[in-house]
Amino acid sequence: MRHELDAFFKPRSVAVIGATPRKLTIGRETLHNIFAAEFRGKVFPVNPNYEVIHSVKCYSTVLDVPDAVDMAVIIVPKQFVKEAVRQCGEKGVKGVVVISAGFSEVGPEGKTREKEVLEVVRNYGMRMIGPNCFGVVNADPEIRLNVTFGKTFPKHGNVGFITQSGAMGEAIMNHAMELGIGFSKIASIGNKADISSNDIITYFKDDPQTQIILLYLENFGNPRKFTQITTEVSRYKPIVAVKSGRTSLGAKAASSHTGALAGLDVGVDALFEQAGIMRVDTTEELFDVAAALSRQPIPRGNRVVVVTNAGGPGILATDAMISHGLEMPNLAPNTVKELKNFISADASYANPMDMVAGAGPTEYLETLNVIKKDKRYDTILTIFLSPVTVDELHVAKNIHTALKDTDKTVLTCLMGAGVSKAGIDFLNHNGIPTYLFPEAAAKALKTIDGYRQWLERTPGKVKKLKVRTDKAAEIINRYLADGTSAIVGEDAMEILKAYGIPAAGYEYAFSPKEAVSVAKSLGFPVVMKINTPPILHKTEAGGVMVDLRSEAEIRNAYKELLKRVGKIPKGEKFSVILQQMVSGSVETVIGMTTDPSFGPLIMFGLGGIYVEVMKDVAFRIYPLTPLKARRMIKSLKSYPLLTGFRGAPPVDIKIIEDTLQRVSQLVGDFDSIAEIDINPFIVSDARDRCKAVDARFILKKESKR
């Protein structure tokens, strides 16, 4: 065996420990599936209660098996698993698949039991899949291994599938069979006590039979290692994932806007975007994408042409394509000219190309023969709404005949094809994925196009910027020594300045008279904020007064803020901060929060007081390269506001990119920082007017000086 995981996918012999002749038991069905799949190696049932099972000699223990055993499948009660694994170690078994349940998935006692089993596995130098798993499959005709208790042995194909859920594994295998999607190998990893998705993905990377990888994940064992592995593998093989368990990730306890906004699974989204993984929301979408990837080339671009015999589905397809950011250029003039030679004058010579209801097999053949030559398109979506007068299978055969030699991506949609599904089955069998409705095809194309764009990017390198780490360290260490977790006000702004981030200056006033004097020196209009006592969220507490334009407004604002504060802590004197108000600019927010699984997540979005209402933000996993920073900015729905909207001048995008990278470097230099909020970070067309107006840092409670 060239790879240690060959023991699971290419074993020469398999022992089933816990095999039984009793029907409707996992021990019986697993053994039966191995025989039913016609496994090419040796099979040894193990159970002390039987001499023969399935007309095959049965052994009391794996130690009694006379031949070498590459893989053992363990299906015994949880309390006997440890001893069964120990005997496998003594026998020299290379890999064990523990299907038995009752381990870490059931609580602390099970977790202890799982740890004891894992210790035995490692003591003997074995590898383990599970416990609490569905099993493994290798559909290669030369292997034909089905070590599961499911009802289906999948068709052989180029899709590798990894699942944490056994139930989902069986459901997906069954549905894939209905759709004609074939698998190379399948692994249900269960509790992944030893072997995780990281190990299987690495194995699939070098497996020539696996060209596409599908994942069903519930959690990550080592997210950073997962990112590293998948980022490399995605360059060669597409990865599509369903990630369940969208949770708040502790957003309610967050002290910053950034932390509060990081409550919708953004860490997973950021990880997948960074690694080039195509994330889908449902298993149905997983199949839609897999069907296209496993049968068709990745489109060279995002330009789509729709050919249909019905106007309604054509409009649905157009709406779906455009809403997903795909392009639908008009037909080239020479294409229209050629089509008019044989298509009805009632047809729509546009995109979608509607041949009208009378179009049958001949029209599809001739039209597609012309359309496929049009260089304006990367993908052809053919829609056929089956009338009673037209043979749907004949149309399907002509679609295949016309498009089998094109290098464009081809998808079809056969609506109302009938119970027989003859046309759908024919197209799927001949490498053209078929969808019931055009919206599903459009969504799959959009997902794949995102992957195409990721492939075209150059990863880039993290820039090392010139900063004053020592100056920032002096401030942070002072707060750590005092046991104060929040850094606000002037100290927060000084940290930004130390890292080359432009920040608005602070002027203090301890009386209305002093406030008027400061405002005059700054120049009206000004902003006034409470300085003492320190308040973490000044706007929410009513501690900010903006657009003050006269001496009277300054005095009134000072008195009002003093009134809002109420009682001043003993030994302190009320004071305010004044800053010149910057107008004619866009308020953005830059921040960082620490995700318990993924570490630092850096955020950029539309800022100001509406940041948590609008929630137009983007997250990326630390560290940021210049390219990642640029893509963060462009991913916002409000991006047009930054590039010039309705005659407004475009803001300085470069300073935002630079600031994001400086925040990334700050995060890397100080592990003690848990959260950062720079809100608002004002941006305009003039660089000298781009600056942070307010900032706060939250330190980790367990941090030490």
Original post:
Cα to Cα, under 17 Å, and not fewer than 8 places away if on the same chain: which lysines meet these conditions relative to residue 634?
Top reply: 615, 654
Subject >> Cα-Cα over 27 Å, subset of 185/225; 497/628; 111/243; 340/446; 538/570; 42/151 >> reply: 340/446
Original post:
Once you sort the root eigenvalues of the Cα gyration tensor of region 336-415 as a ≥ b ≥ c, which label holds: rounded (a/c under 1.5), prolate (a/b larger than b/c) or oblate (the other case)?
Top reply: oblate
Original post:
Between region 54-118 and region 1-33, what is the C-alpha centre distance in whole Å?
Top reply: 11 Å
**OP:** Would you mind calculating the gained length between residue 452 and residue 521 on full extension (0.36 nm times residue separation, minus the Cα-Cα distance), in nm to one decimal?
**Re:** 19.3 nm
Original post:
Going by alpha carbons, how many degrees (0 to 90, nearest 10) lie between the helix axis of 266-275 and the longest principal axis of the chain?
Top reply: 60 degrees
Subject >> Descending semi-axes in whole angstrom, ellipsoid equivalent of region 271-380, from the Cα gyration tensor >> reply: 30, 15, 13
Subject >> Low-density loop positions, GluC sites (Glu not before Pro), region 551-592 - DSSP coil, at most 13 other Cβ in 10 Å >> reply: 572
Original post:
Seen from all sides and averaged, what is the projected area of the convex hull of the Cα atoms in region 293-456, in nm²?
Top reply: 8.6 nm²
Original post:
Which whole-number percent gives the relative contact order of region 623-679, counting Cα pairs below 8 Å spaced six or more residues apart?
Top reply: 40 percent
Original post:
Hey, which aspartates and glutamates would be in cross-link range of residue 513, C-alpha to C-alpha under 14 Å, not counting anything within fewer than 8 residues on its own chain?
Top reply: 551, 553
Subject >> Estimated dipole of region 571-705 in Debye, rounded to 20 [Cβ of Lys and Arg +1, of Asp and Glu -1, Cα centre] >> reply: 240 debye
**OP:** With a ≥ b ≥ c taken as the square roots of the eigenvalues of the C-alpha gyration tensor of the chain, please select rounded if a/c is under 1.5 and otherwise prolate if a/b is larger than b/c or oblate if it is not?
**Re:** oblate
**OP:** Taking the dipole about the Cα centre of region 293-456, with the C-beta of Lys and Arg at +1 and of Asp and Glu at -1, give me whichever of 349, 313, 369 is farthest to the positive side.
**Re:** 369
Original post:
In percent, what relative contact order does the chain have, based on Cα pairs under 8 Å that are 6 or more apart in sequence?
Top reply: 9 percent
Original post:
Rounded to the nearest 5, what is the percent of antiparallel bridges among the DSSP beta bridges in region 6-218?
Top reply: 25 percent
Original post:
What fraction of the DSSP beta bridges in the chain is antiparallel, stated in percent and rounded to the nearest 5?
Top reply: 50 percent
Original post:
From the Cα gyration tensor of region 90-160, with a ≥ b ≥ c the square roots of its eigenvalues, which class applies: rounded if a/c is under 1.5, or else prolate if a/b is larger than b/c, or else oblate?
Top reply: oblate
Original post:
With each pseudo-label sitting 7 Å past Cα toward Cβ, what's the residue 12-residue 429 distance in nm, one decimal?
Top reply: 3.9 nm
**OP:** Check cross-link reach from residue 421 to the aspartates and glutamates: straight Cα distance under 14 Å, and skip same-chain residues fewer than eight apart.
**Re:** 178, 391, 392
**OP:** Can you check what the net charge comes to around residue 177, using other residues whose Cβ is under 10 Å from the Cβ of residue 177 (Lys, Arg +1; Asp, Glu -1)?
**Re:** +1
Subject >> Using alpha-carbon coordinates, inclination of helix 166-179 to the longest axis of the chain, degrees >> reply: 70 degrees
**OP:** Quick one: pull the percentage of alpha-carbon pairs in region 6-218 with a separation above 31 Å.
**Re:** 12 percent
Original post:
Can you give me the Cα centroid spacing of region 628-705 and region 275-290 in angstrom?
Top reply: 31 Å
**OP:** Round to a whole angstrom and tell me the spacing of the C-alpha centers of region 428-489 and region 523-568.
**Re:** 37 Å
Original post:
What is the sum of charges around residue 106, taking Lys and Arg as +1, Asp and Glu as -1, for the other residues whose C-beta is under 11 Å from the C-beta of residue 106?
Top reply: 0
Original post:
Percent relative contact order of region 532-662, based on C-alpha pairs within less than 8 angstrom and at least six residues apart?
Top reply: 16 percent
Original post:
Does a label point 7 Å from the Cα of residue 350, set along Cα-to-beta-carbon, have any residues of region 435-457 with amide nitrogen under 20 Å, and which are they?
Top reply: 438-439
**OP:** Would you be so kind as to identify which of 130, 48, 80 lies farthest towards the positive end of the dipole of region 6-218, taking Lys and Arg as +1 and Asp and Glu as -1 on Cβ and the Cα centre as origin?
**Re:** 48
**OP:** Considering only DSSP beta bridges where both residues belong to region 293-456, give the percentage that are antiparallel (nearest 5).
**Re:** 5 percent
Original post:
Magnitude of the Cβ-charge dipole of region 6-218, K/R +1 and D/E -1, about the Cα centre, nearest 20 debye?
Top reply: 240 debye
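Read the figures in this text as sums done on the coordinates, not as results from a lab. Bear in mind that the values here come from a model prediction, so they are computed numbers and not experimental data. Methodologically, a virtual Cβ is constructed for each residue, glycine included, from the backbone with ideal geometry; neighbour enumeration extends over all protein chains shown.
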